[in-house]
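The structure appears right after this line, and notes come after that.
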Amino acid sequence: MQLVEDTAQKQAAAPAPTGIGTRIKRCKPVERLVDETGQGQGGSLRRSMGLAQLTMISIGATLGTGIFVVLGEAVPVAGPAVILAFVIAGITALFSALAYAELAGMIPASGSAYSYSYATMGELVAWVCGWCLMLTYGVSVAAVAVGWGEYINQLLFLVTGISLPEGLTQPPGAEGGIINIPAAVVVVLAMAALLVGIRESAWLNSVMVVIKLGVLVMFVAIAITAVQDGNFAPFMPLGMAGVSAAGATLFFSYIGFDAASTAGEEAKNPQRDLPRAIMLSMIIVTALYCLVAFAAVGAVPWGIFGETEATLAQILTEVTGTPIWSVVFAAGAVIAIASVVLVVLYGQTRILFAMSRDGLIPKIFSKVDANGTPRWNTIIITAFIAVLAALVPLGHLADATSIGTLFAFALVNVAVLVLRRNRPELPRNFRVPFAPLTPVLGVLSCAYLMLSMGVATWVTFGLWLAAGLVIYFGYSMRNSRLEAEATAAPAEQRP
């Protein structure tokens, strides 16, 4: 009889199970997200960056392989109107940048779009967003590292006339490929910089950004001396359809400004400086892209871009008649791409830090050392990315990063709309102008570009999402901090 009574009492005291629908839709209030910054279970990140460093992080992640290689792909489609295509792509990216600016100032958390989704659309959507960002950042670092290896090889050939053997610069599956050592090396070098500390890493990134800005300004200054009016005619040879197609391609040259938002917990004054850094970087990058495009298509006939693999370095050689400026430019490209690897790897570790603090991935990713650096987080993710860059042909996986990025951008725009409706009283240092129109346009533009992707890319993305859902329902939902708190709370305090 006593056993029956004890069992009944335990059942009465045991928490009533919460429905799965409630569990996947639970949100973290904005106030809590803000309060938790600097309160990681394994220590806190250090606030050491001002507006200049945050702007450099945003520029460092954005200004990379895009302008150095994508121009040659876009000019044959748009002709001299590639300048207009850059403007269109910039305006499209601006919709999402404005949304990031508003939310980064309100929620200065390391999780970026993941944290914004957690505050507005619930845990499952936040997990999917974070899972997409893992793909975007992780594979992007690997892909950029592969590009860095190609530029290193090009620079070596320009200086010495010798190229590295294909067996050491290509992954298995590529012609003659065994292992891509340069790609792995640059990832490890970026890890070493991050392990020293964020202040030193931010300083190093700032130096590299200044160098690559200087190299691109050098290109404009030299190429503009050879600009001829005749090279701009016809301005739009393939019509507006060609400009639109080029704009879709060039949109991905603007991806990267979100990296500044991952520094929310290491900014001295995030509410003020994060929105400014995002918008300032967008202005600088857009202006520089248009100047480079103007100088490039004005210096040589646009048809050359379709007939040969015309690069900015080759244009400098043709304009000056000497290869010395090509060598300087190639060296600048090596530095430019290295800064992208550094900053994007940094952003990856900070998103994982936020997800780990919430219990959605193991706690080791949110432990920090005495320097305020998530050491094991950085080491683990570097090892994974270095192997990916060295041994795996990226193929459609690299294309799927574009969908992952666009999906995250769309969620950030939705988050602005949700908070404007549900929490209009929250202080906003920066407000998206013309809302709700601007965020809606942001969502629609992201959806349009996602739908323009190929079937193979969608299949890869779908498989990645399926794997993420298995992990969420098998591990993350059960280990979430919100789940633990709901289980520990008295039954009458739970919904």
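For region 68-479, the relative contact order comes to 34 percent (Cα pairs under 8 Å, sequence separation of at least 6).
Here the residues E123, E425, E150, E485, ranked from fewest to most Cβ neighbours within 10 Å of their Cβ, fall in the order E425, E485, E150, E123. Modelled this way, with points 7 Å down the Cα-to-C-beta line, the labels at S163 and L238 are 2.7 nm from one another. Among K28, K268, K367, K212, sorting on how many other beta-carbon atoms sit within 10 Å of each Cβ, with the fewest leading, yields K268, K367, K28, K212. For the pair I20 and L463, a Förster radius of 25 Å applied to the C-beta separation gives a FRET efficiency near 0.60, rounded to the nearest 0.05. The overall shape of the chain is prolate: from the C-alpha gyration tensor, with semi-axes ordered a ≥ b ≥ c, the ratio a/c is 1.5 or greater and a/b exceeds b/c.
Among the chymotrypsin sites (Phe, Trp or Tyr not before Pro) in region 347-446, which ones are in a DSSP loop with at most 14 other Cβ atoms within 10 Å of the Cβ? Mind listing them?
On the way: sites: F353, F365, W376, F384, F407, F409, F430, F434; in loops: F430, F434.
Passing both the DSSP loop test and the Cβ count: F434.
Going by how many other beta carbons lie within 10 Å of each one, how would you line up L417, L103, L391, fewest first?
On the way: L417 19, L103 31, L391 16.
Exposure proxy ranking, most exposed first: L391, L417, L103.
Simple rule: put +1 on each Lys or Arg Cβ and -1 on each Asp or Glu Cβ in region 68-479, find the dipole, and look at L469, G372, V209; the Cα lying farthest toward the positive end is G372. Considering region 19-162 at the alpha-carbon level, its Rg and Dmax are found to be 20.1, 67 Å. Considering only T405, V34, S96, whose Cα is most displaced toward the positive end of the charge dipole of the chain, charges sitting on Cβ of Lys, Arg (+1) and Asp, Glu (-1)? About the Cα centre, the residue reaching furthest to the positive side is V34. Is the shape of region 266-420 rounded, prolate or oblate, going by the alpha carbon gyration tensor and its root eigenvalues a ≥ b ≥ c, with a/c under 1.5 for rounded and a/b larger than b/c for prolate? Prolate, since a/c reaches 1.5 and a/b exceeds b/c. Once the chain from A484 to L451 is taken as fully extended at 0.36 nm per residue, the excess over their C-alpha distance is 8.0 nm. Remark: the chain carries a charge dipole of roughly 1340 debye about the Cα centre, counting +1 on each Lys and Arg Cβ and -1 on each Asp and Glu Cβ. This model, with +1 at the C-beta of Lys and Arg and -1 at the C-beta of Asp and Glu, gives region 316-456 a dipole about its Cα centre of some 680 debye.
Rule-based calculations on the coordinates, nothing more; no lab input. Just so it is clear, the structure is predicted and the values come from calculations on it, not from any experiment. Because the Cβ atoms are built from the backbone with ideal geometry, glycine has one as well, and the counts that use them run over all protein chains shown.
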